[in-house]
Structure formats: structure tokens, C-alpha cells
1. Taking amide hydrogens as modeled 1.01 Å from N in the peptide plane, which residues meet the under 5 Å criterion relative to ASN400, leaving out close sequence neighbours?
2. Compare the peptides 30-39, 190-199, 110-119, 414-423 by average per-residue count of other Cβ atoms within 10 angstrom and give them in order, highest first.
3. Over the Cα atoms of region 89-247, how large are the radius of gyration and the largest Cα-Cα distance (Dmax), in Å?
4. Relative contact order (percent) for region 64-183, with alpha-carbon contacts under 8 angstrom and 6 or more residues of separation?
5. Give the relative contact order (percent, whole number) for the chain; include only Cα pairs under 8 Å separated by 6+ residues.
6. Rounded to whole Å and sorted largest first, what semi-axes of the equivalent ellipsoid does the C-alpha gyration tensor of the chain yield via the square root of 5 times each eigenvalue?
7. Considering only C-alpha atoms, what is the centroid distance from region 73-140 to region 221-259, in Å?
8. For region 126-257, calculate the relative contact order in percent as a whole number, restricting contacts to Cα pairs under 8 Å that are 6 or more residues apart.
Amino acid sequence: MTAAPKFRIDVAINDLLVSPDRQARVRAEPLGLSLPDPVFPQFPGRLNDPGPEVPPEKRRWGLDKITRASRGWLLPYVRSRVLPGDFHPITAYLFIEYKCNLDCWYCWSFDNKVKGMTEDVARRSIDWLYDRGCRVVALMGGEPLLRPEFVHKVVYYAAKRGFWVYIATNGRLLRPEVADRLGDAGVAAFNFAMDAWDLKPGLPKALVPARKNLEYILRKQYANGYVVFFNINICRNNLEDVRLLTEYAHDHRVATDYHINETPMLEQDDHFKHLYDNPTYIRPEDWQAVDQLVDWLIEKNRAGYQMVNSVQRLQEIKAFLRMSSGVDLRKYGWNGDGTHGNGSQAELLAGMPGIVQRPDGELQFAEWNCRAGQNNVIIRTDGTVAPCFPMYGATYDWGNIDHARFDGEQLAGMKKTCQQHCFSTLNHNLAYCYNDARVIKWLWSSVVKNKFQGRLRSFED
């Protein structure tokens, strides 16, 4: 089993962000606001539409759905490029719950002692994001659907305010009656977390236990107008499962999003009980098998499988595993051919995607223009804010929804270090897309060539 380090980031930055001597974060003071009761059903006809038994080759999008996506993603991007100031959130992650019905051994957000978000904080968070131009909000956990009535209210309110709303869920609690209410309320996407085909040690987010719920929303998405993603975390004990899930997703016209399993960014408290002897953490002896899986994913990506990840980012997985391991690379084969390197560390890493050489000759994992705290923000259950998900546990005070205070100099200094230790798919996808040339190319393909119809297209299409 893997004896994991207590945290991934440099010691100095870890001590800055989780110092016990630092003044505690100040939560948002309650104002007693509530969320409106949702009207249900708003669209009675959808309840009786079972959706197709076989997914269509090409999906047709109505003007209302095209408008919702453009308003959610494109307009905030343009706004962020033309308005002064550094903080223009495009994506926001609303942690409405930190509790969970499952216990994934790699997940450091599992803490059933944290109180869930109140209606007051949820409403004020959405209003705060709206005032700052954000129109994409993800409902995160834990497991958000532990309180389905609360989630229904949040989705209904956010959608009425023009947000593109998606829900990250393990699917076990996404019963058909819950899915119908959320679809009617205006959810835009379900991010279905799937790590294994069936239950495995440390990996309870499996397809088989959630299959009935999954296949219901796969049909109903065509009636309700939302999309479904698979969020897959690559671990040492699920490599074959990743292939099975990828093929299942392709057969059902589902996009996939891949993460590489990581130990915690910051030092955790006692609630994270799976730090050591964890079967999910990738070890150096697993690199060759992971390399082969990555090559297979790249092949499928280039063959037209719908993947959120770019080919470039998939290629960089190999370099990240080695740069973040802290071990002598000369002991391990690194390029998938089973050989062992006899050269220097630099010789073994030279030329790998994601590796750059500093002026002093040392190699490091390449900076990737992280937009955390600029175009991305998380809101904790108590209304305090942070730049990104790995910083959820930081005691550093970035303020709250009443008085957010992201400092550009502090973020820039932190990112010079933390980007070397972080493989955040969510933030990298935002950084990869935060590029005028890529946006223009994607719009040309989506609008001129495809008229916003057909399958989801990545920025590499």
C-alpha cells in the first residue's frame, strides 16, 4: 500500500495557508433570507416523455438551450476580457454539502460533521455571483443530493436568475422522481462521478449500484435539455474500469472528464482517515500501466470520443506523476516500454509534455495559467470563499460573500508554487479555454460549421 505524504504543496505555502496562528475565517453573518418554493411541474409534458431507448447520432439543441449555454459561458468570458479588475468569475462551485453518503478513500472532503449550507447563504451566494457577472454555478459536496428538496430550491432559483447549473453527484440518490424535479427546475448538466464498474476497495462510486438512476437520466436528458458527464478519477486499482466506463460513455453519447488521483494538497485534520495504506494511490511501480491507459485515452480522444480533457493535458499526466512523486526516477521505467532508465533525472524527463527547464537548469512541471481566484471561485457551506477546491481546508482568509478579498499579488505568489503540485482538471480546463484564439476557433466550428447542433465539442475539435 502507498504511504502518502501528509500534503502535496511546498511546506512554506502549506504553513501559510493552514497556520493555526492565523485569524480564523469569518463566515457570512446570516440575514434570514430564504429561497422561493419551486413551481412543479413547470413543464408537465416533459414528465410523460420517456426519452429515446437508443441515443440519437446527433443531438438537436433548441434556441432556448443555445441561449442558456451562451449566456452561461460566452458572455461572462467576454465580460472578463473587457472589464477592468482581476476578479471576474466565470465558473463558481457552491459547496452546499460536505457530508456524503459514500466514503471514497481518496476524498479529503468527506466530513460528516460539517453543517450543510443554509437557504440564506445559498441565495446570497447566487446573488453575489450574479452581480459579478458569473453565470455558471456547480452544486458540490460531499453529496449535494443528501437534501434533494434543498437542491431543488437552489437549482430553481439559480436557473430563474439565468445560471447554467450543474450538479456533481455519485448518482446513488438521483432517483427518477428527484431527477424529474431537477430537470424541470432547469438543471443544465449532471456531472456523474464514476470510478469503477462495480464496487472496489476504497472506490464505492461505481456504475452498477447507480445504473438504474443513470440510465433514467440518460433517456430523460433529451426531454429536459440537460447533458450528462462522467467524472472519472484514475487510481491504481481501477485502470481497467476506466476503459470500461469510457466505452460505456461512448456507446451512450456521454462525455468523459478524467482526473489523476492525488493526495491532499494541504495538510488535513483528523477527519481524513484514509491518508495511509490507501489502495487508490498510484505508486511508481504503477506508472507503466498508467502510461498505457493514458495512451489508450489519447487514441480514443483522437478517434472522436467526447472528452472534456485536451490531448495535451492527457499527455501531461505522465510527467505530473513523476514530478510529484519525489522518488528517484532512475529506478523506474518511464516511457511505457518496460525499460529502466540509467541516465539523470533530467535525461529521463526531457521532452515529456508538461516539463520545462528553469533558467538555473532545474526541471519543473510547467505553469498552466491557473485562473483560481480570478475567473474561478468556491463558496464554502458557511459563505466563506476560496480560489479553488484544493484550498477548501485553508485557514487563510479570502473573505466571504459579503466581503471577498482576493489579492492578486498573494494569488500570483501562491500559484508559482501550487501549480507545480496540482493537476486540477476543473481549473486547467478553464485555463485552457481562457484563450481568445481557442474561443474564436471553437465558435467558428460550433456556429458556422455546426450551427450549435450535434455532439458536445471540445476546444480541440
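Every number here is computed from the coordinates shown, using simple stated rules; none is lab data. The structure presented is a predicted model; accordingly, all values stated were derived computationally and were not measured. With ideal geometry, Cβ positions are generated from the backbone for all residues, glycine too; neighbour counts draw on all protein chains shown.
1. Under 5 Å from the amide H of ASN400 lie the amide H atoms of VAL385, ARG405, each far enough along the sequence or on another chain.
2. Answer by packing, highest mean first, reads 190-199, 414-423, 110-119, 30-39.
3. Values for region 89-247 (Cα only, Rg and Dmax): 15.5, 45 Å.
4. Answer for region 64-183 is 30 percent.
5. Averaging sequence separation for qualifying contacts and normalising by length gives 22 percent for the chain.
6. On the way: eigenvalues 218, 146, 102 Å².
In descending order, the three semi-axes are 33, 27, 23 Å.
7. When both Cα centres are located, 23 Å separates them.
8. Values: 197 pairs, mean separation 26.7, N = 132.
Value for region 126-257: 20 percent.
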